[in-house]
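Encoded as structure tokens, the structure appears first; notes follow it.
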Amino acid sequence: MTAILALGAILILILLAGFGSQVAGLQVVFGVAVPYAAIALFLGGLVFKVMSWARTPVPFRIPTTCGQQKTLDWIPSARFDNPHTTLGVIGRMALEVLFFRSLFRNTKVDIRPGGRIIHTPAKWLWAAALAFHYSFLVIFIRHLRFFTEPVPGFVKAIQSVDSFFEIGVPSIFLTSFLLLGALGFLLLRRLVSPQLRYISLANDYFPLFLLIAIGTTGVLMRHFQKTDIETIKAVAMGILSFSPVTAGGGALFTIHFFLVCVLFAVFPYSKLMHMAGVFMSPTRNMANTNRAKRHINPWNHPVAFRTYEEYEDDFRDKMKAAGIPVEKE
Amino acid sequence: MASRDTGRIVVGLVIFLVLASFPVWFSATQGRSDYRPELEYPAGETKCVESKEYMRTWHMDLLNQWRDSVVRKGVRTYTSDAHHTDYDMSLQNTCMKCHTNKANFCDRCHDYVGVSPKCWECHVEPRGAE
């Protein structure tokens with residue numbers, strides 16, 4: 001049901017953009033108003049969200065410890081799985097951000113006949129996530145050819161690597177299909193597994209359908225229903241140089257572009273914010289110095305302590321009279 | 001501790017914003033954000049094999065069809081949909097007869113959108129009247 005809800009939302013968005021592309025008066029809306037609104041919502045929302053996280057106090061070290069803590073010199077400690085130095089934390093974060101180490105640890109629980117519970121490694125989620133994220137990065141960089149003039153060398157380089165096999169004219173980009181394949185797996189994973197379907201929300205399906213629709217319209221424009229990309233680049237450059245050009249570009253382009261705008265607009269308000277959030281996970285970005293250093297809660301209220309010595313000073317005579325042992329005679 | 005972290009987070013945000021605005025400041029510093037390619041059209045010709053709009057969008061596909069038709073089927077005559085004239089399906093003898101300069105025609109748009117077609121690895125590149 002939640003999947004159908006998300007799919008329905010995407011279909012409505014596609015119809016909206018398809019309709020908008022056919023009405024000349026709406027070009028200003030879809031070509032100017034929507035992209036600027038999306039950029040504002042994206043940048044504003046992202047900065048606001050990150051700053052609100054930055055204001056959240058994290059008084060104590062709460063790293064998840066996945067290995068031996070630093071202790072005596074002759075006991076080897078897990079440098080990345082239980083880091084105690086900033087360098088170790090940077091290493092741990094790099095492994096997390098670049099290689100998704102947490103997903104690599106994913107395991108599956110099965111009950112075997114006879115009630116025996118077994119845990120087996122499950123790497124498919126990790127593999128698909130890695131394939132999706134890196135394909136998306138390459139596609140993002142490739143698209144800079146529409147947003148920069150002149151086209152920088154690294155964009156051309158990544159393009160020529162991506163079309164290395166020169167299959168078809170224009171050459172297919174490997175990442176386009178890797179991305180769609182990985183997204184297809186990530187969607188099927190949620191739909192097929194009963195446990196995952198049970199915990200999946202519309203908020204989980206929506207980005208998947210959205211990205212699949214964006215990828216599909218992109219592939220269609222490159223290989224099947226050609227689009228005049230010279231005009232499209234002029235539209236994109238117009239937006240970024242704050243002198244927007246209203247030019248059509250066709251239904252397929254309007255849909256593709258509108259869905260990308262939706263992606264940017266919802267980004268800071270959805271689970272996609274893990275892009276910024278991953279850097280701010282307190283369980284990953286803190287060194288485990290809980291025992292090596294004393295961490296005092298910075299907003300501790302100053303409390304008037306009364307030590308045992310003071311207590312004994314007050315009641316020493318009474319304690320002696322009652323036969324209670326005292327430390328100082 | 002909180003204030004030190006806030007400082008680091010702000011630095012991270014600034015780095016992100018600088019990277020995210022790369023297309024804006026890159027094109028602006030190159031002074032070409034309002035550049036639009038201008039093509040050198042053949043003098044004395046009024047029409048291409050198909051309409052201008054069709055050629056802008058589909059020329060690469062048309063050349064593919066011509067290649068397949070000539071190389072695989074041996075059919076060399078193309079009848080225009082736009083004005084029903086017959087053309088010889090040939091990049092060098094038909095297209096380049098009018099578009100005599102690759103640098104002032106083909107390359108203008110191809111450079112602008114960052115594509116590098118492989119036509120000229122086999123075909124002789126027209127250089128115009130040099």
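Values in this text are rule-based calculations from the coordinates and carry no lab data. It should be emphasised that the depicted structure is a prediction, and the values quoted were computed from it without experimental measurement. Glycine also receives a Cβ, built like all others from the backbone with ideal geometry; neighbour counts cover every protein chain displayed.
In this structure, the amide hydrogen of A:LYS108, modeled 1.01 Å from its nitrogen in the peptide plane, lies closer than 5 angstrom to those of A:THR120, A:ALA122, counting only residues at least 5 positions away or on a different chain.
Cross-link pairs exceeding 20 Å between alpha carbons, from the set B:LYS47/B:LYS102; A:LYS49/A:LYS233; A:LYS49/A:LYS271: A:LYS49/A:LYS233.
For A:ARG316 and A:LEU95, the FRET efficiency from 1/(1 + (r/R0)^6), where r spans their Cβ atoms and R0 equals 45 Å, is about 0.15. Near the amide H of B:MET89, within less than 5 Å, lie the amide hydrogens of B:THR77, B:TYR78, all on another chain or at least 5 residues away, with H placed in the peptide plane. Label point 7 Å out from B:ALA43 along Cα-to-Cβ: which residues of region B:83-100 have amide N under 13 Å? What the label zone holds, given the 13 Å backbone N cut-off, is B:100. Between B:CYS122 and A:CYS66, the FRET efficiency estimated from the beta carbon spacing at R0 = 56 angstrom works out to 0.45. Positive end of the dipole of chain A (Cβ unit charges, origin at the Cα centre): among A:PRO76, A:GLN225, A:TYR311, the Cα lying farthest that way belongs to A:PRO76.
Scanning chain A for long hydrophobic helices, with DSSP H runs required to stretch 15 angstrom or more by C-alpha along their axis and to average at least 0.0 on the Kyte-Doolittle scale, returns A:2-22, A:34-55, A:86-99, A:124-142, A:174-192, A:202-223, A:229-240, A:250-266.
For Cα pairs less than 8 Å apart in space and 6+ apart in sequence, what is the mean separation divided by the residue count of chain A, i.e. the relative contact order in percent? Once normalised by length, the contact order is 31 percent.
Given R₀ = 45 Å, what would the calculated FRET efficiency be for A:PHE104 paired with A:VAL58, taking r from the Cβ atoms and rounding to 0.05? Calculated value: 0.95.
In this label model, A:ALA247 and A:ILE111 are separated by 6.4 nm, measuring between points 7 Å along each Cα→Cβ vector. Each Lys and Arg Cβ is given +1 and each Asp and Glu Cβ -1; about its Cα centre, chain A then shows a dipole of about 640 debye.
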